[in-house]
């Protein structure tokens, strides 16, 4: 049998992964009952698995009794996976240089089937009201997410967009994509501004050798600290970083965007 999905596996490993996935979705330590619910297990079964996960370092008990979070072994696995990404070292250096050139927050994002994931970030001299974080980030309300909306096929993003859009909004996946594509074609980058939250982000594409979007490199700040004018030094630095990283990866700009 050649189909991996049809092969017989170790069910306990798959169950343990469900527990780790539940921990990964939260920014805080979770109580055992909540982990059990997210993992679709009984609390007693979850407790038994948690003993082994803590013993191996994949999970850690929190200071709050009865709560758990991802452990140091999970962090090590995640960092190893990031380091194995083709070209990650190149874009990480560009993020550091971009932060130094602009004094704004900077980050690099890649696409996964769960959505855009921030791989590496540098805080700006003046922090945004929304703290930069690594891990899964929103698709609709970030410039990096908007970039992926513009560049990926609708089938890969529409479900995520629909989940993030709240009821009553006039936006649809199609209208968001149309706007994102137009902005990327006209400006070479995408922008998201949240005046109600004092948040602004801009993202530029890093292309691979096939002309597909490999990474999004972003600047994040507030309207008072981050100038998003096309002729401003911040946008120039962002676009220069994207061009350098694309060249270093042997990438090329696609003939057509969207």
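Name the residues in the range 235-252 that are in contact with a strand residue (DSSP E or B) (Cβ under 6 Å, 6 or more places away or on another chain) and either exposed (fewer than 13 other Cβ atoms within 10 Å of the Cβ) or closer than 20 Å to residue 200 by Cα (or both), would you? 238, 239, 241, 242, listed by residue number. Checked against the criterion of being surrounded by 12 or more Cβ atoms within 10 Å (Cβ to Cβ), assigned to a loop (DSSP other than H, G, I, E, B), at pLDDT 95 or above and in contact with a strand residue (DSSP E or B) (Cβ under 8 Å, 6 or more places away or on another chain), the range 149-165 contains one or more residues that satisfy it. The residue of the range 121-134 that is farthest from the chain's Cα centre (by Cα), among those that are modelled with pLDDT of 85 or more and buried (at least 19 other Cβ atoms within 10 Å of the Cβ), is 124.
What about residue 215, is it assigned to a helix (DSSP H, G or I), crowded, with 18+ Cβ neighbours inside 10 Å and in contact (Cβ under 8 Å) with a residue 40 or more places away in the chain?
So residue 215 fails the test.
Is it fair to say residue 185 is buried (at least 18 other Cβ atoms within 10 Å of the Cβ), in contact (Cβ under 8 Å) with a residue 12 or more places away in the chain and either out of contact with any strand residue (DSSP E or B) (no Cβ under 8 Å at 6 or more places or on another chain) or not assigned by TED's automatic domain parsing to the domain that holds residue 94 (or both)? Taking the combined requirement at face value, the residue does not satisfy it.
The residue that is farthest from residue 92 (Cα to Cα), counting only those in the range 217-244 that are modelled with pLDDT of 95 or more and touching a helix residue (DSSP H, G or I) at 6+ places or on another chain (Cβ under 6 Å), is 234. Determine if the range 62-73 includes at least one residue that is assigned to a loop (DSSP other than H, G, I, E, B), out of contact with any helix residue (DSSP H, G or I) (no Cβ under 8 Å at 6 or more places or on another chain) and within 30 Å of residue 223 (Cβ to Cβ). No, the conditions are met nowhere in the range 62-73.
Take residue 178 and decide whether it is without any contact (Cβ under 8 Å) to a residue 12 or more places away in the chain and more than 16 Å from residue 101 (Cα to Cα). It is true that residue 178 is without any contact (Cβ under 8 Å) to a residue 12 or more places away in the chain and more than 16 Å from residue 101 (Cα to Cα).
So is residue 244 in a helix (DSSP H, G or I) and in contact (Cβ under 8 Å) with a residue 12 or more places away in the chain or not? The answer is yes for residue 244.
One line per residue, one yes/no per condition, for (1) closer than 14 Å to residue 31 by Cα; (2) in the same structural domain as residue 31 (by TED's automatic domain parsing); (3) touching a strand residue (DSSP E or B) at 6+ places or on another chain (Cβ under 6 Å):
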position	(1), (2), (3)
43	yes, yes, no
46	yes, yes, no
53	no, yes, yes
62	yes, yes, yes
66	yes, yes, yes
69	yes, yes, yes
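The values are calculated or read from the model by the stated rules, or taken from the named source; none is laboratory data. In this text, all values refer to a predicted model and were calculated from it rather than measured experimentally. Ideal geometry is used to build each Cβ from the backbone, glycine not excepted, and the neighbour counts take in all protein chains shown.
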